[in-house]
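Asks: Pasting in a structure now, in structure tokens, and then I'll have a few things to ask.
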Amino acid sequence: MTRADEPVLITTAPPSPAAERRARERRYLITMGLRLVCFILAIVLFGVGQRLLAGFAVAGSLILPWVAVVAANAGPTRTATPAPSLYAKRKAAELESRPTPDE
């Protein structure tokens, strides 16, 4: 855990709420676009006589909305790794042995 007066590296900051929302919206739209492709493919395959493949496409178009909602509502992933500290790097550098002038 970091102290209050200790600076935190900017690379450890989580993405902004707006960026996180855009990423979730993008995942939702991609998944729903794939659902639309499955739906159209099911119609085309059924018309051509490929009923088994059309059945798989229908199943995909029925399952993908649930997947899209679950993926869009998933929050950011949490990592268990501690945040790196600027002071820890400085302390490690200070502890390195340096040759003295008389050596």
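Asks: How big is the dipole moment of the stretch 14-75 about its Cα centre under a simple scheme where the beta carbon of each Lys and Arg is +1, that of each Asp and Glu is -1, and everything else is neutral? Debye, nearest 20, please.
Replies: Numbers: 7 positive and 2 negative charges, 16 e Å.
Here the size comes out at about 80 debye.
Asks: Here's another thing I want to ask about it. For the stretch 14-75, list log₁₀ I(q)/I(0) at each q in 0.17, 0.26, 0.29, 0.30 Å⁻¹, using the Debye formula over Cα point scatterers of equal strength and ignoring solvent, two decimals each.
Replies: -0.59, -0.94, -1.05, -1.09
Asks: Leu64: net charge of surrounding residues, Cβ under 15 Å, Lys/Arg +1, Asp/Glu -1, itself excluded?
Replies: Result for the local shell: +2.
Laboratory data are not the source of any read-out in this text; all were calculated from the coordinates shown. Everything quoted here is computed from the prediction, not taken from an experiment. Note that each Cβ is placed from the backbone with ideal geometry, even for glycine, and that neighbours are counted across all protein chains shown.
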